[in-house]
Amino acid sequence: MKQFVTCLIVVVALGWNGQSQAQFKNPVASWGVSMGGAQGDNQPGDRWVMLYRGYLQYEFVPALLGQVGVGYTRLDAPTYSAQVLMADLRLLVVPFSLPNLNPFLFAGLGLSKTLNISNSNFLAWSSDRYRYPKQYLQRTPVAG
């Protein structure tokens with residue numbers, strides 16, 4: 001499954017390579033995929049793993065965009081593993097755009113759910129890495 005997802009992302013990235021060579025501008029409505037790294041914070045032996053995310057983006061006004069995204073990762077450590085599905089809402093601010101540079105700031109809220117544990121609760125989080133409720137995290141042996 002992991003190899004299939006990686007191949008799919010590479011094919012999509014290569015297929016859209018022509019559009020990535022264009023100058024930066026924010027279309028009114030768009031979609032995208034992204035990859036990054038994730039690491040659990042429960043134990044010193046937690047490993048870095050790939051994080052995959054797909055999103056829909058909408059431009060409210062020229063410098064303000066919104067995103068709705070869904071992501072997946074499989075956290076891995078010597079004593080546990082967790083398949084995590086994430087959903088989030090992000091608000092992006094693009095202060096300026098140059099031909100080769102498109103900086104942005106974002107803030108967001110989201111939920112994550114562990115898929116490999118039956119009846120697991122949703123964990124809420126925000127872009128400032130503050131997770132709540134703290135009591136839930138202390139008695140739950142699941143990566144956040």
Notebook entry, point to check: Within segment 29-103, which trypsin sites (Lys or Arg not before Pro) sit in a loop by DSSP and count at most 15 neighbouring Cβ atoms inside 10 Å?
Noted result: R47
Item checked: Residue-by-residue Karplus 3J(HN,Hα) for segment 54-60, coefficients 6.51, -1.76, 1.60, Hz, glycine and proline x -> x, 8, 10, 10, 9, 8, 7
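Since every read-out is calculated from the coordinates, none of them should be taken as a lab result. Values in this document were obtained by computation on a predicted structure and should not be read as measured data. Heads up, the Cβs are rebuilt from the backbone with ideal geometry, glycines too, and the neighbour counts pull from every protein chain shown.
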